[in-house]
1. To the nearest whole percent, what portion of all C-alpha pairs in segment 30-183 is separated by more than 28 angstrom?
2. Using a Förster radius of 45 Å, what is the FRET efficiency between Asn106 and Thr4 based on their Cβ-Cβ separation? Nearest 0.05, please.
3. Which translational diffusion coefficient, to the nearest whole µm²/s, is obtained for segment 114-163 from the Stokes-Einstein equation, given a Kirkwood hydrodynamic radius over C-alpha pairs, 20 °C and 1.002 mPa s?
4. Taking the alpha-carbon distance from Lys129 and a cut-off under 28 Å, which lysines remain once sequence neighbours fewer than 8 residues away in the same chain are dropped?
5. In a shell of Cβ-Cβ distance under 11 Å around Tyr28, excluding Tyr28 itself, what net charge do Lys and Arg (+1) and Asp and Glu (-1) give?
6. Give me the percent of accessible area attributable to carbon and sulfur for segment 75-163, probe 1.4 angstrom.
7. For segment 97-203, rounded, prolate or oblate, judged on the Cα gyration tensor with a ≥ b ≥ c (square roots of eigenvalues), a/c < 1.5 rounded, else prolate if a/b > b/c?
8. Using the charge dipole of segment 94-163 (Lys, Arg: +1 at Cβ; Asp, Glu: -1 at Cβ; taken about the Cα centre), state which of Leu96, Trp110, Val157 has its Cα farthest towards the positive end.
Amino acid sequence: MTPTPTAGLLLDAMGTLIGLRQSVGTTYAALAQAHGLKVEAAAIDRVFPSIYSQAPPLAFPGLSGDGLAAAELAWWGERINACLEQAGAGSAPPALQQELFAHFANPDLWHVFSEVPEQLQRWKDRGLKLAVVSNFDQRLHGLLAGLGLSPWIDAVVISSDAGAAKPDPLPLRLALKALGLEAHQVWHVGDSRADEQAAAAAGIRCVLVKRP
């Protein structure tokens, strides 16, 4: 049987295409200090991974517009508050939650991994359709544009708007629909177990990027 030619790629964002220039804890600690809260960046970095991994999905079925934006802010506000409390700084006031949420929408806090632009251009030159599928929120649209990646991307699916987050296969299926492709025509490229599980559930081949 002749293998089906690859016609598209579904790409994870954070950890696959882009990453933070400095740790979450470094940014949280600096802005917390401006609000009168003293906390060590290392303490936040120790607790953030478990708080993030144990959180409910960043997904809000049926919401759009202002309702979706409010839900996204509230979701991240709860994570921010939990990080500061577990790191010993106390509760995060709403103004700090809002400031941190807005701060991470700034493309200057992020960087594109060095090999990504060349690889994206190579894939486009081959005629592949590319979609970004991320467990993130509406800020990703501005980040992709601000980091110069939007011209290569044909579709963007974010979990908050999709109403489900990987490892649920729904975001990947929505990306397939947006590209007009079938599962057997694409690969999913990600960096986590959730990426792998979502791809398997959607019947999509998967390759994981393992960065240091």
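The values are calculated or read from the model by the stated rules, or taken from the named source; none is laboratory data. If you're wondering where the values come from, they're calculated on a predicted model, not measured in any experiment. Using ideal geometry, Cβ is built from the backbone for each residue, glycine included, and neighbour counts are taken over all protein chains shown. Keep in mind that these areas ignore ligands, DNA and RNA; they rest on the heavy atoms of the full protein, side chains included. Shrake-Rupley method; radii C 1.70, N 1.55, O 1.52, S 1.80 Å.
1. Working: 3434 of 11781 pairs.
Counting every Cα pair in segment 30-183, those more than 28 Å apart make up 29 percent.
2. For Asn106 and Thr4, the calculated efficiency is 0.65.
3. This corresponds to a translational diffusion coefficient of 186 µm²/s.
4. Lys166, Lys177, Lys210
5. Local charge sum for Tyr28: -2.
6. 48
7. oblate
8. Positive-most Cα among the choices belongs to Val157.
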